[in-house]
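Structure, as structure tokens:
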Amino acid sequence: MAIQTFTWRTQIHAGLEGEFSYSTRSASFGDGYEQIVGDGINPEKQSWPMTLTGKKAEILAALSFCREHITKSFIWTSPVGETGLYRIEADSIKAQPLSSKVMIIKATFKQAYAP
């Protein structure tokens with residue numbers, strides 16, 4: 001099955017912070033020298049908390065997509081313009097109906113490396 005693309009518009013707002021973390025290994029030597037290398041072939045990981053607000057029918061479709069992609073990767077372009085594979089972080093999905101016609105969902109997009 002082909003990898004799906006997340007096509008809904010996410011909200012960019014003040015306070016939106018992506019997290020870039022790195023897995024490293026290091027070795028310290030007696031003369032104070034420390035050698036640091038990336039751990040594995042993909043040592044950098046990105047994580048983005050996303051918010052979507054809109055008409056209930058559209059947001060319910062996005063919510064369904066998010067619920068299907070906790071263990072499956074999807075293609076998404078981050079707010080810094082990098083397209084890559086992501087998945088929805090487990091236990092990060094939140095839904096809030098604002099009225100009978102408007103809804104908000106929040107989820108964290110976590111970088112992935114395999115479909």
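The values are calculated or read from the model by the stated rules, or taken from the named source; none is laboratory data. Quick caveat: nothing in here was measured; it's all calculated off a predicted structure. Here Cβ is always computed from backbone atoms with ideal geometry, including for glycine, and neighbour counts include all displayed protein chains. With ligands, DNA and RNA removed, areas are computed over all heavy atoms of the protein, side chains included. Shrake-Rupley method; radii C 1.70, N 1.55, O 1.52, S 1.80 Å.
Numbers for the structure displayed
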| read-out | value |
| --- | --- |
| Cβ-Cβ under 6 Å pairs, at least 6 apart or on other chains, the stretch 11-23 side over 16 Å from residue 43 (Cα atoms), far side open to solvent by 50 Å² or more (accessible area, probe 1.4 Å) and not basic (Lys, Arg) | 12/79 |
| Residue count, the stretch 39-60 (criterion: more than 23 Å from residue 19 (Cβ to Cβ), touching a residue at least 12 places away in the same chain (Cβ under 8 Å) and of a type in the set (Gly, Ala, Ser)) | 1 |
| Members of the stretch 61-102 that are exposed (fewer than 13 other Cβ atoms within 10 Å of the Cβ) and polar (S, T, N, Q) | 64, 71, 83, 96, 99, 100 |
| Test set (1) open to solvent by less than 80 Å² (accessible area, probe 1.4 Å); (2) in a helix (DSSP H, G or I) - residue 105 fails condition number | (2) |
| Selection within the stretch 32-63 - outside any strand (DSSP E or B), modelled with pLDDT of 90 or more and either touching an Asp or Glu at 6+ places or on another chain (Cβ under 8 Å) or of a type in the set (Asp, Glu) (or both) | 58 |
| Tally of residues being out of contact with any strand residue (DSSP E or B) (no Cβ under 6 Å at 6 or more places or on another chain), surrounded by 10 or more Cβ atoms within 10 Å (Cβ to Cβ) and at pLDDT below 90 across the stretch 1-22 | 2 |
